[in-house]
Amino acid sequence: MSIWRKLGFGVSAAALLVTAAMFGLDVADRAFPPPLQKANLVSSEVLDADGQLLRAFATPEGRWRLKTTAADVDPQFVRMLIAYEDRRFEQHHGVDLVAIGRAALQFVTHGRVVSGASTLSMQVARLLEPRPERTISAKLLQLVRAIQIERRLSKAEILDLYLTHAPYGGNLEGIRAASLAYFGKEPRRLTVAQSAMLVAIPQLPERRRPDRNLAAATAARHRVLQRAAVAEVIGDGEAERAELTAIPTGRLQLPAYAAHLAEAALRKEPGVDQHRTTLRRRIQQGLETVTKEAAARLDPKVSIAMVMADSKTGEIVGEVGSAGYFDSSRYGWIDMTRVYRSPGSALKPFIYGLAFEQGLVSQETIIEDRPADFFGYRPKNFDTTYQGDVSVRQALQLSLNVPAVRILDAVGPTRLLVRFRRADVRPVLPPNETPGLAIGLGGLGITLKDLVQLYAGLANRSNPVRLGDGIVDKPAIVDSEPLLEPVAAWNVADILSGIIAPAGSAQHGIAYKTGTSYGFRDAWSVGYDGRYVLGVWVGRPDNGAVPGLTGYGTAAPILFQAFEKSGVGITPLPAAPTGAVRIAQSQLPISQRRFSMTTSGLLSASTREPAPQIVYPPEGAHVELGANGDGTLMPLVLKLQGGRAPFRWLANGKPLADISRNRISQWQPDGNGYSTLTVIDAVGRAATVGVFLTK
């Protein structure tokens, strides 16, 4: 056999051996892969609508480990980290042979370890598969695991794992948790001094914790800043300036807002790392601050709940379930925004709204506030006194009980509850009871969220919205009728915006109403401007009485403070819609000057029906309708009182197209000028008014 054949045989054998070895290593690599599944064990996070952290939950083993990518971190920190820990991170394949050679030479020369040779990939391997012993075999396993990780992940993914799992002392892992705990902020913008400290701690996390060993933390930061490679990254003079910056000596609590909603988010989607909500952290902070301050002034057993929603979109932007989630004396773990409680007088605006809608009253209609008996039901005012004759506007602003029950008796309790269904709100009645007059004064159960939903219907007159749950569900503008007609909703808002603000609060132009349940168990205040609606509940979760607790005295000041601290500002209430006008009492039609339950008033108690009366537009009114896009006048709303259905309307002597059984109709005018309107009821009785129409 020639030398060339022998050489060829040797090369072939060597190639086979290398191939077999590579095949064996590949089989071993697949048979014993690195435990990358552990990389997915991170803290669950609840975020606001802008992606800001509201609340984080520790991992099952009690670690604060927030998922992090390089995009979440200040780029200068990343450059400093690589310069200090692994300068050839982008070039090597998991193991830096140059660094190993340098470390070995230094060990031989100095007889001790001068510098390490661990790459970021090796550190990730150690973090995912920690071993208590520091032996040669453990180090060799790190080398192998680092190579395996490099085969499976990109450099960016490896860096993200380090940023997520790097130890920072105690139960802090990852740069986000450390930055929040030590600096109170996300690591997107870090100073040089902060970056240097966060680079240094993971090497010896327990020894270098600044809250436990300030001297060691300071020395470690100094070493990072003095490293030549780091100096090249941060620039001339930056290290010296950073040395002058104090190191924090305490550890801060991670963000912990919206406790109840955060818990609900985890229950709704278990196993998800990040839960997006519709809350705004700035608003949530403001509401929780007001809650904490107000609770300190109240009885230790009294709790507070709030819901703030955007009436244009239906998004819940702030929600407080209790005065303190961990406060056992206040049953803080109970989310009082979802508990059914008596609303007191908080539903009165909707009673009057239906009366406005049906043409039963105007703001200046006179109504009696005197003792009354409604088939055995005898309502009394909160202060047990009576005002005599008052206007409807005064009756609602003063929250007088007897006038509200008079109006509800005319409107009908069932009709009120049916109307609430337009907003998908279904209050709870006492067992085995049908809707009665008592519902107008709090004789039913409703949640704070549902009450805010109803008031959102007053705030948004034209586009009904359904409030979302604040977590995943998308609130929506719904294709349904508004809660109240725009003119009726404007009348309610005009009255509520005139209520005097509680003592010590500025008159911001908020339309609001209060309520106090029977026995001083619940205090409510719900208010809205042109954009946001806010509801406040105060009381004991165990339904105990709280002497002196009232909606105006207790809940209303919190409402005004919360609007101010939320930072949303005050959006002016929308302008009056077409056809909305406040008419002086002397200018009202005779049928609307006084609301009465006798034969001499609007609603006759006799069996004889009163003749029809046109209550809008009133005689001689000048109505500015506005124009459509094509220049034509907008429709005119027609309202009548009394008479027997069906009704026939005539405009300038010409019958309108349809006969109506409703007491509210519309007419499309042909043009400007004087017009005569006539209505004829089923028995031939008629009423006529003359009006002037303009664009």
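The values are calculated or read from the model by the stated rules, or taken from the named source; none is laboratory data. Please read all numbers here as calculations on a predicted model, not as lab measurements. Reconstructed Cβ throughout: ideal geometry from the backbone, glycine too, with neighbour counts over all protein chains shown. Note: areas computed on protein heavy atoms with side chains; ligands, DNA, RNA excluded. Shrake-Rupley method; radii C 1.70, N 1.55, O 1.52, S 1.80 Å.
Observations on the structure shown:
- Residue match in region 539-557 (condition: among the β-branched types (Val, Ile, Thr), open to solvent by 10 Å² or more (accessible area, probe 1.4 Å), within 30 Å of Ala576 (Cβ to Cβ) and in contact with a strand residue (DSSP E or B) (Cβ under 7 Å, 6 or more places away or on another chain)): no
Quick grid of which residues meet (1) surrounded by fewer than 21 Cβ atoms within 10 Å (Cβ to Cβ); (2) assigned to a loop (DSSP other than H, G, I, E, B):
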| position | (1), (2) |
| --- | --- |
| Gln284 | no, no |
| Lys301 | yes, yes |
| Ala305 | no, no |
| Lys312 | yes, yes |
| Val317 | no, no |
| Ser329 | yes, no |
| Ser345 | no, yes |
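- Residue match in region 29-36 (condition: at pLDDT 80 or above and either surrounded by 10 or more Cβ atoms within 10 Å (Cβ to Cβ) or not assigned by the TED database to the domain that holds Ala229 (or both)): yes
- Listed by first and then second residue, the pairs with beta-carbon distance under 7 Å, at least 6 apart or on different chains, first residue in region 443-461 and within 19 Å of His260 (Cα to Cα), second in a loop (DSSP other than H, G, I, E, B) and basic (Lys, Arg), are Thr447/Arg338; Lys449/Arg338.
- Looking across Val224, Val272, Val233, one residue alone is open to solvent by less than 40 Å² (accessible area, probe 1.4 Å) and not aromatic (Phe, Trp, Tyr). It is Val224.
- Just one of the listed residues (Val290, Val199, Val272) is farther than 30 Å from Ser322 by Cα and out of contact with any Gly (no Cβ under 8 Å at 6 or more places or on another chain), namely Val199.
- Condition check for Gly359: more than 21 Å from Ser525 (Cα to Cα), touching a Phe, Trp or Tyr at 6+ places or on another chain (Cβ under 7 Å), open to solvent by less than 50 Å² (accessible area, probe 1.4 Å) and among the small types (Gly, Ala, Ser): yes
- Residue pairs meeting the criteria (Cβ under 6 Å; at least 6 apart or on separate chains; first farther than 27 Å from Ala196 by Cα, in region 244-262; second of a type in the set (S, T, N, Q)): Tyr257/Gln284; Ala258/Gln284
- Among the residues listed as Leu408, Leu360, the single one being under 36 Å from the mean Cα position of the chain (by Cα) and within 27 Å of Ile510 (Cα to Cα): Leu408
- Every residue from region 50-75 that is open to solvent by less than 40 Å² (accessible area, probe 1.4 Å) and either over 34 Å from the mean Cα position of the chain (by Cα) or over 26 Å from Gly170 (Cβ atoms) (or both): Gly51
- Restricting region 626-665 to residues that are among the charged types (D, E, K, R) and either open to solvent by less than 90 Å² (accessible area, probe 1.4 Å) or modelled with pLDDT of 85 or more (or both), the residue that is farthest from Ala580 (Cα to Cα): Arg648
- Counting only residues that are part of a loop (DSSP other than H, G, I, E, B) and under 30 Å from the mean Cα position of the chain (by Cα), region 172-199 holds 8 of them.
- Apart from one condition, Leu484 fits all of (1) within 24 Å of Ala580 (Cβ to Cβ); (2) open to solvent by 10 Å² or more (accessible area, probe 1.4 Å); (3) not in a helix (DSSP H, G or I); the exception is (2).
- Pro202 being modelled with pLDDT of 90 or more and part of a loop (DSSP other than H, G, I, E, B): no
- Pairs, first among the hydrophobic types (A, V, I, L, M, F, W, C) in region 567-591, second assigned to a loop (DSSP other than H, G, I, E, B) and open to solvent by 50 Å² or more (accessible area, probe 1.4 Å), C-beta under 7 Å, six or more apart: Ile570/His508
- Some residue of region 416-428 being assigned by the TED database to the domain that holds Pro577, acidic (Asp, Glu) and either open to solvent by less than 70 Å² (accessible area, probe 1.4 Å) or farther than 23 Å from Ala459 by Cα (or both): no
- Within region 533-585, the set of residues being over 21 Å from Lys301 (Cβ atoms), more than 23 Å from the chain's Cα centre (by Cα) and of a type in the set (D, E, K, R) comprises Arg582 only.
- Note on region 506-625: enclosed strands (runs of 3 or more DSSP E) holding 1 or more residues that are modelled with pLDDT under 95 and hydrophobic (A, V, I, L, M, F, W, C) are 613-616, 622-624.
- Residue check, Arg370 under 23 Å from the mean Cα position of the chain (by Cα) and surrounded by fewer than 24 Cβ atoms within 10 Å (Cβ to Cβ): no
- Index of the failed condition, Ala295 passing every other in (1) free of Cβ contacts under 8 Å to residues at least 40 places away in the same chain; (2) among the aliphatic types (A, V, I, L, M); (3) over 18 Å from Asp335 (Cα atoms): (3)
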